[in-house]
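J.: Sending over a structure as structure tokens; questions will come in a sec.
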Amino acid sequence: MIELMHFTKRYGDFVAVDDLNLSIGTGEVFGFIGPNGAGKSTTIRFLATLLRPTSGEGKVAGRSVTQDPMGVRKVIGYMPDDFGVYDGMKVWEFLDFFAVAYEIPRSYRKKIIGQVLELLDLTHKRDDYVNGLSKGMKQRLCLAKTLVHDPPVLILDEPASGLDPRARLEMKALLNELRGMGKTILVSSHILSELADFCTSIGVIERGKLLAAGSIADITRQLRQHRVLKVRVVDETADLAAAIMRDESNVKTIEQFDHTITAEYHGDDEALATLLGRLISSGVGVHSFGEEELSLEEVFMMITKGIVN
């Protein structure tokens, strides 16, 4: 759905984005993460047809960003990191303005605006003036205007920037709802906790270089040469569980703290299932059994320290 091929953007001697290659499939929610100034917004503005590349190409829904920018604009909803609103306009008038820009017929505009207001929980603000809205409501309104033409692709640059904690949670819920509607979403942020719960894949960029891209699980497997297994058991069976696990050839190191056992595990899924069966059949009261996952913050720090090239 979204492709970048050798995208490069230079400003004089400064390289903002360097030879970026990326592919985002239909229905994915792709989290574009990196510190401020890493190249996220430059890449997003190129995909939104607002920036010419120094070299390279991009495609959105099969349309060329450089050769068919008007075609790209018809299939994307773009939400910039900083946007203005038109003072003196009511909420419905603001949305109607963009509906006209997208050439939506007059006979459909009222219905579409009503649907978008309901989706974004802005119906009660329909006749309020835009300049009187809170920051969070303005963010909702900006997201609403990206949806009036029902684009299959959403490109959102720091959509929760500047919001208070409650408004951030509400924005996250909205993005989850859009994901459920089948939208392909590219969303950038430098606040990793905003992305961890709903992204199907991520890309890490720093100093204009894409360091890693893929599902969080795949990237974690690249970072770790082994699994970290965490087993919680009923207290009186902890020693038995630890002894059984020490006897496993796939267990390389083991730590026991009260009724929690953490082990470095080198086996595959089938061996893991066999170990669980052995624990249960030996009378161990297993409370929980699974891999210890890296947080998105840990993944980011490990990548940017050069563990993944």
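The values are calculated or read from the model by the stated rules, or taken from the named source; none is laboratory data. The model shown is predicted, which means the values in this text are computed figures rather than measured ones. Glycine also receives a Cβ, built like all others from the backbone with ideal geometry; neighbour counts cover every protein chain displayed.
J.: Among the numbered criteria (1) touching a residue at least 40 places away in the same chain (Cβ under 8 Å); (2) touching a Leu at 6+ places or on another chain (Cβ under 9 Å); (3) in a strand (DSSP E or B); (4) not basic (Lys, Arg), which single criterion is violated by His287?
T.: So the condition that His287 fails would be (2).
J.: Still on this model: For the range 151-174, give me each residue that is over 13 Å from the mean Cα position of the chain (by Cα) and either modelled with pLDDT of 90 or more or not assigned by TED's automatic domain parsing to the domain that holds Leu119 (or both).
T.: Answer for the range 151-174, where residues must be over 13 Å from the mean Cα position of the chain (by Cα) and either modelled with pLDDT of 90 or more or not assigned by TED's automatic domain parsing to the domain that holds Leu119 (or both): Pro151, Pro152, Val153.
J.: Of the residues that make up the range 34-52, is at least one within 22 Å of Glu206 (Cα to Cα), in a strand (DSSP E or B) and either within 21 Å of the chain's Cα centre (by Cα) or among the aliphatic types (A, V, I, L, M) (or both)?
T.: For the range 34-52, residues within 22 Å of Glu206 (Cα to Cα), in a strand (DSSP E or B) and either within 21 Å of the chain's Cα centre (by Cα) or among the aliphatic types (A, V, I, L, M) (or both): absent.
J.: Give Gly77, Gly88 a once-over and let me know the one that is surrounded by 18 or more Cβ atoms within 10 Å (Cβ to Cβ), assigned by TED's automatic domain parsing to the domain that holds Leu20 and touching a residue at least 24 places away in the same chain (Cβ under 8 Å).
T.: Gly77
J.: Just to be sure before I move on: is Ser189 assigned by TED's automatic domain parsing to the domain that holds Phe32, surrounded by fewer than 18 Cβ atoms within 10 Å (Cβ to Cβ) and modelled with pLDDT under 80 in the structure I sent?
T.: Working: assigned by TED's automatic domain parsing to the domain that holds Phe32: yes; surrounded by fewer than 18 Cβ atoms within 10 Å (Cβ to Cβ): no; modelled with pLDDT under 80: yes.
Taking the combined requirement at face value, the residue does not satisfy it.
J.: Shifting gears a bit: Is it true that Leu275 is outside the structural domain of Lys209 (by TED's automatic domain parsing), aliphatic (A, V, I, L, M) and touching an Asp or Glu at 6+ places or on another chain (Cβ under 7 Å)?
T.: It is true that Leu275 is outside the structural domain of Lys209 (by TED's automatic domain parsing), aliphatic (A, V, I, L, M) and touching an Asp or Glu at 6+ places or on another chain (Cβ under 7 Å).
J.: A follow-up question, please. Checking Ala196 against (1) outside any loop (DSSP other than H, G, I, E, B); (2) touching a residue at least 60 places away in the same chain (Cβ under 8 Å); (3) over 18 Å from Thr26 (Cβ atoms); (4) hydrophobic (A, V, I, L, M, F, W, C), which test does it fail?
T.: (1)
J.: Residue check: is Arg52 of a type in the set (Lys, Arg) and buried (at least 17 other Cβ atoms within 10 Å of the Cβ)?
T.: Considered against the rule, which asks whether it is of a type in the set (Lys, Arg) and buried (at least 17 other Cβ atoms within 10 Å of the Cβ), Arg52 comes out as no.
J.: Residues to consider are Ala273, Ala242, Ala238; find the one that is outside any loop (DSSP other than H, G, I, E, B), modelled with pLDDT of 85 or more and either in contact with a Ser or Thr (Cβ under 7 Å, 6 or more places away or on another chain) or surrounded by fewer than 18 Cβ atoms within 10 Å (Cβ to Cβ) (or both).
T.: The match here is Ala273.
J.: Are any residues in the range 98-125 polar (S, T, N, Q) and surrounded by 10 or more Cβ atoms within 10 Å (Cβ to Cβ), and if so, which ones?
T.: Gln115, Thr123
J.: So in the range 276-295, with the set limited to residues that are charged (D, E, K, R) and either closer than 26 Å to Asp218 by Cα or touching a Phe, Trp or Tyr at 6+ places or on another chain (Cβ under 9 Å) (or both), which one is modelled with the highest pLDDT?
T.: Glu291
J.: Quick one: in the range 136-150, which of the residues that are more than 18 Å from the chain's Cα centre (by Cα) and of a type in the set (A, V, I, L, M) is surrounded by the fewest Cβ atoms within 10 Å (Cβ to Cβ)?
T.: Met137
Let's see how each residue does on (1) out of contact with any helix residue (DSSP H, G or I) (no Cβ under 9 Å at 6 or more places or on another chain); (2) aromatic (Phe, Trp, Tyr); (3) more than 15 Å from Gly77 (Cα to Cα):
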| position | (1), (2), (3) |
| --- | --- |
| Lys172 | no, no, yes |
| Asn176 | yes, no, yes |
| Arg179 | yes, no, no |
| Gly182 | yes, no, no |
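J.: Same structure again: Determine whether the range 200-209 contains at least one residue that is surrounded by 14 or more Cβ atoms within 10 Å (Cβ to Cβ), among the hydrophobic types (A, V, I, L, M, F, W, C) and not assigned by TED's automatic domain parsing to the domain that holds Val60.
T.: The answer is no; no qualifying residue exists.
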